[in-house]
């Protein structure tokens, strides 16, 4: 598949989702960028801004099975991955698959579950498989976790550990819609929800072909060096206690390849890196207490680094 063909596939998916998610073109584009790169997305925002609808719209648009897992303090790892039971009729142990085996997973309020349950997602997100009782079960080829968390509520939650955050390709928020966009959303939903009208606009085979095209997108040495300069600056920053990991470097390169492919190009430019770096590196770094007390966020620090880091010629 050529980059222009892959771009057409991605545009169909984006246009389909925007029938439901109005006025959030950058967020929709970055979500499909993560899908094309084979990654997962963490949505951090208040309730009611469309996080669930975004996940459902992605699943319906690509023809994948959708499962919503409501994370609660009493949720067990086996409630996510599945459980092995003894079948009295066959006198054999059988594995009953959990909701993680769907194509698009909405991990709703992921930070309300215990760290033990959160860790049940690690193997699935990192390796595309689930191991239960020594047996490994593959997940669908097109597999994506879209997790949500409320940044306002701090009671009864378990903050995601760094190892879990690092598995998410990018973190973003949707934010409140503009006045006219909100009016459009309300008008569309008075009779029926537009998500009910969505139909698949691509196939798994087509999406996987587009993903292979994105992986072949050329990255020049100057772009590699530019990304490494940015990542190293996070490690040297006086405002950060922990800089981005090598997984963050790889994530920024792969997501930049995907975004360039979505734009119909076969090479990565520094513009893709600049656009994606705050969302990809922001959740992989840890602020120093004094920086947090001064009101800075990790995204602010990454943006300052981008302003100071020259583009390699």
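The values are calculated or read from the model by the stated rules, or taken from the named source; none is laboratory data. From a predicted model like this one, the values you see are computed outputs, not experimental measurements. All Cβ positions, glycine included, derive from the backbone under ideal geometry; neighbour counts span all protein chains shown.
For the reader, a short list of remarks on this structure follows.
- Failed condition for residue 35, given (1) closer than 22 Å to residue 204 by Cβ; (2) modelled with pLDDT under 90; (3) assigned to a helix (DSSP H, G or I): (2)
- Looking across 220, 244, 233, 258, one residue alone is within 18 Å of residue 311 (Cα to Cα) and crowded, with 18+ Cβ neighbours inside 10 Å. It is 233.
- Test: residue in segment 27-46 that is without any contact (Cβ under 8 Å) to a residue 40 or more places away in the chain and surrounded by fewer than 18 Cβ atoms within 10 Å (Cβ to Cβ): no
- Tally, over segment 140-162, of residues that are in contact with a helix residue (DSSP H, G or I) (Cβ under 7 Å, 6 or more places away or on another chain) and surrounded by 19 or more Cβ atoms within 10 Å (Cβ to Cβ): 8
- Single match in 228, 207, 169, 165 (criterion: at pLDDT below 90 and either exposed (fewer than 13 other Cβ atoms within 10 Å of the Cβ) or closer than 26 Å to residue 271 by Cα (or both)): 165
- Whichever residue in segment 219-259 is touching a residue at least 60 places away in the same chain (Cβ under 8 Å) and touching a strand residue (DSSP E or B) at 6+ places or on another chain (Cβ under 8 Å) and, among such residues, is farthest from residue 12 (Cα to Cα): 239
- The number of residues in segment 62-110 that are touching a strand residue (DSSP E or B) at 6+ places or on another chain (Cβ under 7 Å), more than 27 Å from residue 47 (Cβ to Cβ) and surrounded by fewer than 18 Cβ atoms within 10 Å (Cβ to Cβ) comes to 10.
- 1 or more residues more than 22 Å from residue 33 (Cβ to Cβ): qualifying helices (runs of 4 or more DSSP H) within segment 241-313: 289-293, 298-308
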